[in-house]
Amino acid sequence: MKKNALIIGLTALLLAAAVSGCGQAEAKVKTITPGVLTVALSPDFAPMEFVDTSKTGQDQYVGFDVFLAKYLAEEFELKLEIKPMGFDACQAAVQAGAVDMSISGFSYLPERAENFNLSDYYYAGENETAQIIITSAENEGKLTKASDYSGKTVGAQTASLQLSCCQSQLPEDAIIKEFGSIDTAIEALRNGQIDALAVAEGNGNVIISNVPGLIKSGFQFEVDEAEENNLILLKKGNDELTELTNQALKKANEAGYYPKWYEEAQILAGLDTATEVAMDETAEEVSQ
Ligand code: ARG
């Protein structure tokens, strides 16, 4: 009798453990669609997020932020679903609660801090340490300082840091033209519809490598240190997912993934100097 009671007791204990174990796995990370991490991104910002046209479906989205999204999904034991959309729409989707987060090369901006939960920073190499203006080769040497942009048409992406830089640092009579997509803005620059385009330097390097006839103007915006790295946008008040995201970001940083992802993303984006960049990094490590 005693032995039976013990066995029954043990079985009950094991069952309870198994059931609570399952429960925990299900509830590990709460997302809009259970079991799925939905991430919005605007795939027009190489090397952070862009389209590999040789692929289809979810596989076509590549870049640093895609590596990061995959890492987070794995950490959270969720399936990843990337939702491609315009940069402006990414922000609206997070606010509306249509996606769990947006990982799309976001810089810190005070208005974003007001409207979203911002994750801690993550570090995508030199991508946004400088904000610059690119132009066509025939403008070489002609657009190097802010006053040179008087009467010129300068493009920038809607709802971006680059747009606010143009608005606050270019002369009042510069014509600032907003583009929903950076790809469309590059086309407009090639066609001569705009004189110049404001971009993050890392993104500018990729554009120049891939589009013949475009150069750096030599002008650089003044930016705050707070704007030099990127962060993830989550819905205001979603503190639980923000906290888990920060823990995962810390883990990725400590594991040294960021420089590797950035280098890999630059190579995928066809940056001419990608191998040189890698060599420099190694050289730096050696000299430390
Ligand atoms: N870092 C800049 C910002 O926060 C530009 C980001 C653009 N990202 C993109 N996927 N188009 O405004």
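Of all residues in the range 29-49, those that are open to solvent by 20 Å² or more (accessible area, probe 1.4 Å) have Cβ atoms under 7 Å from Cβ atoms of residues that are at pLDDT 95 or above and within 6 Å of the ligand (Cβ to nearest atom), 6 or more apart or on another chain, in Pro43/Glu49.
For the range 60-71, does any single residue satisfy the condition of being over 22 Å from Ala265 (Cβ atoms), of a type in the set (A, V, I, L, M), modelled with pLDDT of 95 or more and assigned to a helix (DSSP H, G or I)? No, the range 60-71 has no match at all.
Scanning the range 153-166 for residues that are surrounded by 23 or more Cβ atoms within 10 Å (Cβ to Cβ) and either without any contact (Cβ under 8 Å) to a residue 24 or more places away in the chain or part of a strand (DSSP E or B) (or both) yields Val154, Gly155, Ala156, Gln157. Consider the range 127-152 and keep the residues that are in a loop (DSSP other than H, G, I, E, B) and within 13 Å of the ligand (Cβ to nearest atom). The one that is surrounded by the fewest Cβ atoms within 10 Å (Cβ to Cβ) is Thr129.
Give me a count of the residues in the range 169-206 that are part of a loop (DSSP other than H, G, I, E, B) and either open to solvent by less than 60 Å² (accessible area, probe 1.4 Å) or of a type outside the set (S, T, N, Q) (or both). Of the residues in the range 169-206, 10 are part of a loop (DSSP other than H, G, I, E, B) and either open to solvent by less than 60 Å² (accessible area, probe 1.4 Å) or of a type outside the set (S, T, N, Q) (or both).
Within the range 83-97, how many residues are away from the ligand (no atom under 12 Å from the Cβ), under 15 Å from the mean Cα position of the chain (by Cα) and open to solvent by less than 40 Å² (accessible area, probe 1.4 Å)?
Taking the range 83-97 as the starting set, the residues that turn out to be away from the ligand (no atom under 12 Å from the Cβ) are 83, 92-97.
Those left that are additionally under 15 Å from the mean Cα position of the chain (by Cα): 83, 94.
Next, from what is left, pick out any that are open to solvent by less than 40 Å² (accessible area, probe 1.4 Å): 94.
Residues meeting the conditions: 1.
Criterion applied to Asp100, Asp120 was being more than 13 Å from the ligand (Cβ to nearest atom) and crowded, with 22+ Cβ neighbours inside 10 Å, and the one residue passing it is Asp100.
Open to solvent by 50 Å² or more (accessible area, probe 1.4 Å) and either within 15 Å of the ligand (Cβ to nearest atom) or within 20 Å of the chain's Cα centre (by Cα) (or both): does that describe Lys235? Please lay out each step first, then the result.
Numbers: open to solvent by 50 Å² or more (accessible area, probe 1.4 Å): yes; either within 15 Å of the ligand (Cβ to nearest atom) or within 20 Å of the chain's Cα centre (by Cα) (or both): yes.
When the stated conditions are applied, Lys235 passes them.
What about Lys216, is it farther than 30 Å from Asn139 by Cβ and over 15 Å from the mean Cα position of the chain (by Cα)? Here the answer is no, as Lys216 does not meet what is asked. Scanning the range 210-232 for residues that are under 26 Å from Ala188 (Cα atoms) and either basic (Lys, Arg) or surrounded by 12 or more Cβ atoms within 10 Å (Cβ to Cβ) (or both) yields Asn210, Val211, Leu214, Ile215, Lys216, Ser217, Gly218, Phe219, Gln220, Phe221, Val223.
The values are calculated or read from the model by the stated rules, or taken from the named source; none is laboratory data. Since the structure is predicted, the reported quantities are computational estimates derived from the model, not experimental observations. No Cβ is skipped: glycine too gets one built from the backbone with ideal geometry, and neighbour counts run over all protein chains shown. Note: areas computed on protein heavy atoms with side chains; ligands, DNA, RNA excluded. Shrake-Rupley method; radii C 1.70, N 1.55, O 1.52, S 1.80 Å.
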